[in-house]
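Worksheet: the structure to be examined is printed underneath.
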Amino acid sequence: MTEQDLQPGAEDAPLPHVLVVDDDRRLRDLLGRYLADQGFRVTTAVDAIEARSKLSSVTFDLLVLDIMMPGETGLQLTEHLRQNSHVPILLLTAMGESEDRIRGLSIGADDYLAKPFEPRELVLRIQAILKRARPVVPAATPPRHVKFGAFVFDLERRRLTRAGAMIYLTESETELLAQLAERPGQPMTREELSDMGSNIGSSRVIDIQMTRLRKKIEDDPKFPRYLQTVRGRGYVLQPD
């Protein structure tokens with residue numbers, strides 16, 4: 001295991017702490033050095049076993065996780081972590097098939113990047129995920145909320161709460177809900193949602209994200225009250 005930590009001065013905000021998990025030593029070390037140069041605190045792990053050990057004692061802001069690892073795969077580790085953790089996860093893999101991307105997103109990954117990739121793109125994706133996890137809203141911006149049942153979706157902060165408690169959403173789930181909440185009561189086609197939301201994905205991915213959203217929001221996901229399907233049109237958010 002290689003660890004590279006940039007220690008900020010006492011007057012600086014803590015650097016985002018990223019855990020890079022990849023069995024390829026060369027790539028693991030390169031990513032560690034590059035992310036550290038870009039202003040991240042970086043810890044690396046060779047496999048899921050070492051990653052679990054690190055996660056048990058350190059709080060990370062984000063995981064960069066390779067899918068194809070010996071033993072427990074990145075997908076298996078992601079699925080396990082999502083049982084009790086909201087830590088953002090960006091998956092890396094040499095596989096470029098859409099089925100693999102869909103699988104990763106469906107089990108709760110926040111983003112997906114296929115190898116080979118430009119390191120700068122990885123940094124931009126990490127920054128986007130962290131910004132979504134900790135959005136900053138200007139004080140002068142008036143709050144905009146959509147209420148449905150016990151839920152309130154803050155359109156500026158893109159946060160979903162239930163009776164004041166935060167509900168964790170992945171980046172894709174947040175984007176999908178935001179697009180529907182911008183037009184409450186107005187049906188939107190899958191194509192419209194895909195075109196307007198940069199992080200939502202294809203029509204098939206939208207169906208998967210909708211299924212996941214309903215499980216987090218609806219009392220009975222099979223008979224949704226708020227996230228409804230409009231036959232021949234697409235989806236609609238029906239507020240109170």
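The values are calculated or read from the model by the stated rules, or taken from the named source; none is laboratory data. Keep in mind it's a predicted model, so treat the numbers as computed, not measured. Using ideal geometry, Cβ is built from the backbone for each residue, glycine included, and neighbour counts are taken over all protein chains shown.
Any residue at all in segment 84-96 that is β-branched (Val, Ile, Thr), outside the structural domain of Ile208 (by TED's automatic domain parsing), surrounded by 19 or more Cβ atoms within 10 Å (Cβ to Cβ) and out of contact with any His (no Cβ under 8 Å at 6 or more places or on another chain)? Within segment 84-96, one or more residues are β-branched (Val, Ile, Thr), outside the structural domain of Ile208 (by TED's automatic domain parsing), surrounded by 19 or more Cβ atoms within 10 Å (Cβ to Cβ) and out of contact with any His (no Cβ under 8 Å at 6 or more places or on another chain).
Those residues that are out of contact with any Leu (no Cβ under 7 Å at 6 or more places or on another chain), surrounded by fewer than 23 Cβ atoms within 10 Å (Cβ to Cβ) and in contact (Cβ under 8 Å) with a residue 12 or more places away in the chain, I need them from segment 150-170; list them, please.
Once the filter is applied, which keeps residues that are out of contact with any Leu (no Cβ under 7 Å at 6 or more places or on another chain), surrounded by fewer than 23 Cβ atoms within 10 Å (Cβ to Cβ) and in contact (Cβ under 8 Å) with a residue 12 or more places away in the chain, segment 150-170 yields Ala150, Leu155, Glu156, Arg157, Arg158, Arg159, Arg162, Ala163, Tyr168.
Counting only residues that are in contact with a Gly (Cβ under 8 Å, 6 or more places away or on another chain) and of a type in the set (A, V, I, L, M), which one in segment 82-101 is nearest to Asp24 (Cα to Cα)? Step by step, filter segment 82-101, then rank; the result is Leu92. Considering segment 42-51, and only residues there that are part of a helix (DSSP H, G or I) and either without any contact (Cβ under 8 Å) to a residue 12 or more places away in the chain or among the aliphatic types (A, V, I, L, M) (or both), the residue that is surrounded by the fewest Cβ atoms within 10 Å (Cβ to Cβ) turns out to be Ile49. In segment 127-148, the residues that are at pLDDT 75 or above reach residues that are acidic (Asp, Glu) and assigned to a helix (DSSP H, G or I) with C-beta atoms within less than 7 angstrom, at least six apart or across chains, in these pairs: Ile129/Glu171; Arg132/Glu171. Screening Asp5, Asp23, Asp12 for residues that are surrounded by fewer than 19 Cβ atoms within 10 Å (Cβ to Cβ) and at pLDDT 90 or above leaves exactly one candidate, Asp23. The residue of segment 109-124 that is farthest from the chain's Cα centre (by Cα), among those that are assigned to a loop (DSSP other than H, G, I, E, B), surrounded by 15 or more Cβ atoms within 10 Å (Cβ to Cβ) and at pLDDT 90 or above, is Ala109.
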